[in-house]
Amino acid sequence: MPTDTWGTLPEEKRERITRIAIAEFGTKGFSAGSLNVIAREAGIAKGSLFQDFEDKLDFFSAVCAAGSTKIAEATIGVVDTDQPFFDILRSTVVQWLAFFRDDPAQQRMAFATANEIDADARVAVRSVANDFYAGALRPVIDAAVESGELRADVDRDLLMSMIVLMLRHLNSAPFDPVGDPAFAFHEMADDDVDTIARRYIDVLERAFGPG
């Protein structure tokens, strides 16, 4: 966890360090990402990072947590949650794709962390992401069951797992020439990619909806 020192830094400085770290880790991953490079480009002493964090992994986890917060605010955070459940998901996947198109650094970071070879780093970042997904999705799923938009006997954990698998696929496959075995996303217009993403939700609706 970050020390109190990190929290007392000016917001602009924290954001600058985080932005540079996302660019470095997104390009090279946790293992090869350099704190020396991050410190130099942020205009700070490398030692100051260790006043704010226990070690490199602690810093990396904090950067990932900040990224998850930004993703949440730009996706589910701007979706009208008064819509029917599956329309919420359709809106979310479109916002999700738009976010990663507009922020290539975050997209590279998401890809790098999903494919991180260091086991400790992978566990740390997946734990942060899983907490984010559970916190955002569980209340919406529970409300949909109560309202009858989902079958009363729906397996809520399975549905959440499948939604997360889909979102993780959509933050990488559309940006990778070999990201999907069925769709050449990288050759498609954005609107066509969005259409396929919404079709994923159609499949979930047929599988878990009340009809």
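The values are calculated or read from the model by the stated rules, or taken from the named source; none is laboratory data. Remember, it's a predicted structure, so these values are computed and weren't measured experimentally. Note: ideal-geometry Cβ built from the backbone for every residue, glycine included; neighbour counts use all protein chains shown. With ligands, DNA and RNA removed, areas are computed over all heavy atoms of the protein, side chains included. Shrake-Rupley method; radii C 1.70, N 1.55, O 1.52, S 1.80 Å.
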Would you please list the contacts, defined by Cβ atoms under 6 Å and residues six or more apart or on different chains, that run from a residue in the range 148-161 that is open to solvent by less than 40 Å² (accessible area, probe 1.4 Å) to a residue that is at pLDDT 95 or above and among the basic types (Lys, Arg)? none
Does at least one position in the range 120-142 carry a residue that is open to solvent by less than 60 Å² (accessible area, probe 1.4 Å), among the β-branched types (Val, Ile, Thr) and over 24 Å from Glu15 (Cα atoms)? yes
Answer residue from the range 87-117, given it is among the small types (Gly, Ala, Ser) and over 19 Å from Asp180 (Cα atoms) and is farthest from the chain's Cα centre (by Cα) among those: Ser91
Could you tell me which numbered condition Val164 fails, if it satisfies all but one of (1) under 16 Å from Val203 (Cβ atoms); (2) more than 12 Å from the chain's Cα centre (by Cα); (3) of a type in the set (Val, Ile, Thr)? (2)
When you go through (1) open to solvent by less than 20 Å² (accessible area, probe 1.4 Å); (2) more than 22 Å from Gly179 (Cα to Cα); (3) more than 15 Å from the chain's Cα centre (by Cα) one by one for Phe60, which number turns out not to apply? (3)
On the basis of being open to solvent by less than 20 Å² (accessible area, probe 1.4 Å), in a helix (DSSP H, G or I), out of contact with any strand residue (DSSP E or B) (no Cβ under 8 Å at 6 or more places or on another chain) and not basic (Lys, Arg), does Val37 make the cut? no
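Going through the range 104-114 one residue at a time, which ones are at pLDDT 85 or above and either open to solvent by 30 Å² or more (accessible area, probe 1.4 Å) or touching a strand residue (DSSP E or B) at 6+ places or on another chain (Cβ under 9 Å) (or both)?
As a first pass, look at the range 104-114 and keep what is at pLDDT 85 or above: 104-112.
Pro104, Arg108, Phe111, listed by residue number.
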Against the definition (open to solvent by less than 50 Å² (accessible area, probe 1.4 Å), out of contact with any His (no Cβ under 8 Å at 6 or more places or on another chain), within 19 Å of Phe185 (Cα to Cα) and polar (S, T, N, Q)), how does Gln95 come out, yes or no? no
Looking at Phe99, Phe86, which is the one that is of a type in the set (Phe, Trp, Tyr), touching an Asp or Glu at 6+ places or on another chain (Cβ under 8 Å) and at pLDDT 90 or above? Phe86
